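As structure tokens, the structure follows; a few thoughts come after it.
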Amino acid sequence: MVNLAAAFEKEGISAFRFDFSGNGENEGTFQYGNYRREADDLRAVIKHFREEKRCVVAIIGHSIGGNAVLLYASKCNDIKTVVNIAGRYNLRRGIEGRLGKNFREKIEQNGFIDVKNRGGMIEYRVTKGSLMDRLVTDTHAACQSIHPSCSRVLTVHGTLDEFVPVEDAMEFAKYIPNHKLQIVEGADQEYTSHEDELASIVLDFVKTSLCKDKCVPKTLSSCTNTDKLRDSRL
């Protein structure tokens, strides 16, 4: 989400975007449904920047990244501001659309399912282990484990999301403490025609949180308190 990162840069807040292991240009092997491994990737990134004496003030994830930031927040109480954009609450939904009907029987029989693109080329292989990893990932328990005194959570979801129904966002709102829900009318999962609106929503939430924490860059004119940056509390 280049537009979102650029919006932060304009406000004097640096943003680091990265792909999970096995995705994009990163090393490693792509694995279906490894939400917890991706939360570990996020932990490694945060650890790196802290070792570089940088203050990590917020984590933002889109789609599967939304689940990763929430899983991180459920385990580590060290990031005050968490933004989930179009994450999936019910991880049992959406599997048939990707793997086909009777996917359980097929994977039991063969041990894997090859997912092909429209041209018939194999994009990736789903093993029984990776499928089970998705099925046993308990999003409900993770939401309830996010401590209200440690994290403020924003969920943003578009009404025309073609992959994850907007009802999932409602579920996050039910079970995450200290949570704000923002529904974007007419937005698809990629926010194709709503990038500016998304950037405004997320930026306002993060800036408000920074002001509350007194952890603000001096360039943020909307905050009257310009105390020196400090590390997030554990």
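The values are calculated or read from the model by the stated rules, or taken from the named source; none is laboratory data. On a predicted model such as this, the values are computed, not experimentally measured, just so you know. Backbone-built Cβ (ideal geometry, glycine too); neighbour counts: all protein chains shown.
Out of the residues in region 129-166 that are without any contact (Cβ under 8 Å) to a residue 60 or more places away in the chain and charged (D, E, K, R), state the one that is surrounded by the fewest Cβ atoms within 10 Å (Cβ to Cβ).
Among residues in region 129-166 that are without any contact (Cβ under 8 Å) to a residue 60 or more places away in the chain and charged (D, E, K, R), the one surrounded by the fewest Cβ atoms within 10 Å (Cβ to Cβ) is GLU162.
Taking the conditions exactly as written (out of contact with any Pro (no Cβ under 9 Å at 6 or more places or on another chain) and more than 30 Å from THR208 (Cβ to Cβ)), does ARG92 satisfy them or not?
Yes, satisfied.
Please state which of the following conditions GLU162 fails to meet, knowing it meets all the rest: (1) part of a loop (DSSP other than H, G, I, E, B); (2) under 17 Å from the mean Cα position of the chain (by Cα); (3) acidic (Asp, Glu).
(2)
VAL126 passes all but one of (1) of a type outside the set (Lys, Arg); (2) closer than 16 Å to ILE60 by Cα; (3) surrounded by 18 or more Cβ atoms within 10 Å (Cβ to Cβ); which number fails?
(2)
Spot the failing condition for LEU234; the list is (1) among the hydrophobic types (A, V, I, L, M, F, W, C); (2) modelled with pLDDT under 95; (3) surrounded by 13 or more Cβ atoms within 10 Å (Cβ to Cβ), and only one is missed.
Just one mismatch for LEU234, condition (3).
How many residues are at pLDDT 85 or above and within 30 Å of ASP213 (Cβ to Cβ) if we restrict to region 123-163?
19
Being of a type in the set (A, V, I, L, M, F, W, C) and assigned to a loop (DSSP other than H, G, I, E, B) is the filter; apply it to region 130-151 and report the residue that is nearest to PRO177 (Cα to Cα).
Of everything passing the filter in region 130-151, ILE146 is nearest to PRO177 (Cα to Cα).
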